[in-house]
Amino acid sequence: MSETLKRRIRTRRAKVGILGLGYVGLPLVVEFVRAGFDVTGFDVVASKVDALNRGRSYIPDVPSSAVRSALKRKRFRATSNFDLLAGMDAVSMCVPTPLSKTRDPDMSFVESASREVAARLHRDMIVVLESTTYPGTTEEVLRPLLEEGGLRVGKDVFLAFSPERVDPGNPVYGVRNTPKVIGGITEACTEMAALLYGSAVDRVIPVSSAAAAEMVKLLENTFRSVNIGLVNEVAMMCDRLKLDVWEVIEAASTKPFGYMKFTPGPGIGGHCIPIDPLYLSWKLKSLNYQARFIELADAVNSSMPDHVVEKVAHALNGRSKAVRGSRVLVLGVAYKRDIDDLRESPALEVIEGLRERGAKVRVCDPHVGSFRIGEESFTPVPLTPRELRAADAVVITTDHSDFDWNSVVRNSRLIVDTRNATAKVKGGKQHVVRL
Ligand SMILES: NC(=O)c1ccc[n+]([C@@H]2O[C@H](COP(=O)([O-])OP(=O)(O)OC[C@H]3O[C@@H](n4cnc5c(N)ncnc54)[C@H](O)[C@@H]3O)[C@@H](O)[C@H]2O)c1
């Protein structure tokens with residue numbers, strides 16, 4: 001195993017390159033800088049590179065002050081010039097892994113980033129993939145690309161997978177104090193990657209292969225998807241049984257062992273939970289195996305926005321109102337509390353469903369700027385008593401902690417609360433319909 005690279009990592013002289021400066025890549029930049037490395041961030045989007053080089057962060061979990069301090073100490077620069085990869089000793093790839101139109105894995109970002117690295121690969125370099133993907137990607141997609149030039153993985157260069165577990169908006173767990181799972185193509189690769197990441201995070205968890213590390217991430221996210229699917233179905237069952245699902249969940253959660261609390265909602269969103277399990281089921285299909293839990297959870301979770309639209313229609317109907325022409329205020333567009341991420345957000349589908357039925361929809365989300373759904377563009381309005389009073393129905397799709405729930409309950413005529421956000425408001429909630 002390369003003593004040179006080991007020494008460079010131990011003495012912090014190793015140059016670290018991070019490809020993809022998004023929700024995953026930028027926090028990783030900050031941790032490697034904090035650990036004492038010189039870090040170069042690579043991104044294909046010029047506006048992101050410019051913003052960072054001017055000391056401005058666009059990721060809420062990364063304060064601009066952290067970027068400015070790294071720039072000032074000459075520990076960090078951002079670039080779109082991939083030729084600078086040639087000077088890197090370690091490269092972590094944090095590029096998107098979305099679904100294609102047919103809901104199959106879209107590996108184009110991983111492939112193009114890997115090609116950029118492969119073209120500048122040199123002896124004693126370590127490459128780590130962080131993007132969530134199906135088991136086998138690092139071995140079957142990255143390894144052949146990197147070995148095209150003749151260098152051998154495990155001998156001349158090192159290759160590993162280490163899933164990112166970042167939870168945007170989590171005030172307790174960040175990159176540093178979340179244990180980092182690492183699986184290399186060879187033992188030497190695992191060891192080298194563990195040395196690299198062990199110098200930036202509190203704890204590394206080596207596993208026997210890159211594929212095992214890829215599977216760890218998919219187990220974690222599938223676990224969430226399936227349990228959210230289960231509790232969403234329980235919510236629909238309670239609806240029919242005329243039971244309060246939130247009361248049932250709270251009471252079940254008092255069991256000190258053997259139960260873990262999950263809550264229902266308008267569906268799942270973000271770059272991870274709705275997408276990652278489908279990477280796994282896609283891979284299993286190629287092995288002639290149907291991943292039944294994943295597909296069922298996906299079906300249940302995907303049906304939730306329609307269920308919410310149905311609830312709104314039913315609630316308006318109870319007041320002799322049609323959806324068509326009604327003013328509906330949607331509270332919260334981000335896929336979860338206190339973040340600005342709209343990707344796969346179920347609120348978008350709720351808005352679309354209401355618009356299709358002819359509702360006049362306004363949206364309120366202080367974390368989110370203007371956005372489009374198809375041809376239509378929406379600009380969030382401030383949450384004011386006047387806005388609430390003007391709405392025939394208010395739909396709570398995201399429970400941001402800066403929303404004033406007392407005011408929402410006091411000033412609204414009809415509320416469909418999909419997050420149990422109004423639970424703590426005392427009294428006067430006859431007009432609140434819950435999931
Ligand atoms: N966001 C999360 O909470 C989270 C958590 C864990 C894992 N992940 C996984 O991490 C990966 C990245 O997710 P993200 O949320 O950071 O995505 P993101 O879209 O926020 O960031 C990805 C960045 O990569 C850049 N990029 C695209 N192609 C590139 C290329 N060829 N070279 C360099 N940069 C390129 C994009 O411009 C973008 O800035 C995905 O696989 C995702 O599933 C995300």
Exercise. How much net charge surrounds Tyr58 when only the other residues with a Cβ under 10 Å from the Cβ of Tyr58 are counted, with Lys and Arg +1 and Asp and Glu -1?
Worked result: +1
For this session: Working from Cα positions, state the angle (0 to 90°, nearest 10) between the long axis of helix 187-198 and the longest principal axis of the chain.
Result: 60
Seminar exercise, completed: For the range 142-242 the translational diffusion coefficient, Stokes-Einstein from a Kirkwood Rh over Cα pairs at 37 °C and viscosity 0.692 mPa s, in µm²/s, is roughly 208
Exercise. Once you treat every alpha carbon in the chain as an equal point and sum by Debye, what is log10 I(q)/I(0) at q = 0.06, 0.14 Å⁻¹?
Worked result: -0.29, -1.25
For this session: Grab the alpha carbons of the range 3-118, take their convex hull, and tell me the volume per residue in Å³.
Result: 110
Exercise. Among Leu28, Leu383, Leu243, which one shows the biggest mean-square fluctuation in a GNM of the chain, springs joining Cα atoms closer than 10 Å?
Worked result: Leu243
Problem set entry | Gaussian network model of the chain, Cα within-10 Å springs - most flexible of Asn227, Asn288, Asn420 | Asn288
Exercise. Tell me, what does the Kirkwood hydrodynamic radius of the range 91-204 come to in angstroms if you use every pair of distinct C-alpha atoms?
Worked result: 14.7
Exercise. Taking Cα atoms, how many degrees apart are the long axis of helix 210-241 and the longest axis of the chain, rounded to 10 and kept between 0 and 90?
Worked result: 0
Seminar exercise, completed: A chain fully extended from Arg319 to Met260 at 0.36 nm per residue, minus the present Cα-Cα distance, gains in nm 17.5 nm
Exercise. Roughly how much of Ser320 is accessible, in Å² to the nearest 10, using a 1.4 Å probe?
Worked result: 110
Problem set entry | Rounded to 5, percent antiparallel among DSSP beta bridges of the chain | 15
Seminar exercise, completed: What helix-only [θ] at 222 nm does the chain give? Using -39500 (n - 2.57) per DSSP H run of at least 4, over all residues, to the nearest 500, the answer is -11500 deg cm²/dmol
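Only loop residues by DSSP count here, and only those with at most 15 other Cβ atoms within 10 Å; note down the trypsin sites (Lys or Arg not before Pro) in the range 188-227 that meet that.
On the way: sites: Arg203, Lys217, Arg224; in loops: Arg203.
Passing both the DSSP loop test and the Cβ count: Arg203.
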Problem set entry | Residue of Asp38, Asp156, Asp365 that the Gaussian network model of the chain assigns the largest fluctuation, springs spanning Cα pairs under 10 Å | Asp156
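Loop-only chymotrypsin sites (Phe, Trp or Tyr not before Pro) in the range 286-342, please: DSSP not H, G, I, E or B, and at most 14 other Cβ atoms within 10 Å. Kindly include the intermediate steps, with their values, before the conclusion.
Numbers: sites: Tyr289, Phe293, Tyr335; in loops: Tyr289, Tyr335.
Within the range 286-342, the qualifying chymotrypsin sites (Phe, Trp or Tyr not before Pro) (loop, at most 14 other Cβ atoms within 10 Å) are Tyr289.
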Exercise. For the range 118-155, list residues with backbone N below 16 Å from a point placed 7 Å from the Cα of Tyr289 toward its Cβ?
Worked result: 134-137
For this session: Specify the angular offset, from 0 to 90 degrees and rounded to the nearest 10, of the alpha carbon long axis of helix 292-317 from the longest principal axis of the alpha carbons in the chain.
Result: 30
Exercise. Between the DSSP loop rule and a limit of at most 16 other Cβ atoms within 10 Å, which trypsin sites (Lys or Arg not before Pro) in the range 248-304 are left?
Worked result: Lys261
Problem set entry | Efficiency of FRET between Arg77 and Ser253 - r from beta-carbon atoms, R0 51 angstrom, step 0.05 | 0.60
Problem set entry | Rg/Rh (Cα only; Kirkwood hydrodynamic radius) as it applies to the range 222-380 | 1.00
For this session: Go ahead and run the numbers for FRET between Lys6 and Val45, Cβ-Cβ distance against an R0 of 41 Å, rounding to 0.05.
Result: 0.75
For this session: Obtain the nm distance between the two label points defined at Asp167 and Arg56 by a simple spin-label model: each point lies 7 Å from its Cα along the Cα-to-C-beta direction.
Result: 3.1
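The values are calculated or read from the model by the stated rules, or taken from the named source; none is laboratory data. Since this is a predicted model, take the numbers as computed values, not measurements. Note that each Cβ is placed from the backbone with ideal geometry, even for glycine, and that neighbours are counted across all protein chains shown. Keep in mind that these areas ignore ligands, DNA and RNA; they rest on the heavy atoms of the full protein, side chains included. Shrake-Rupley method; radii C 1.70, N 1.55, O 1.52, S 1.80 Å.
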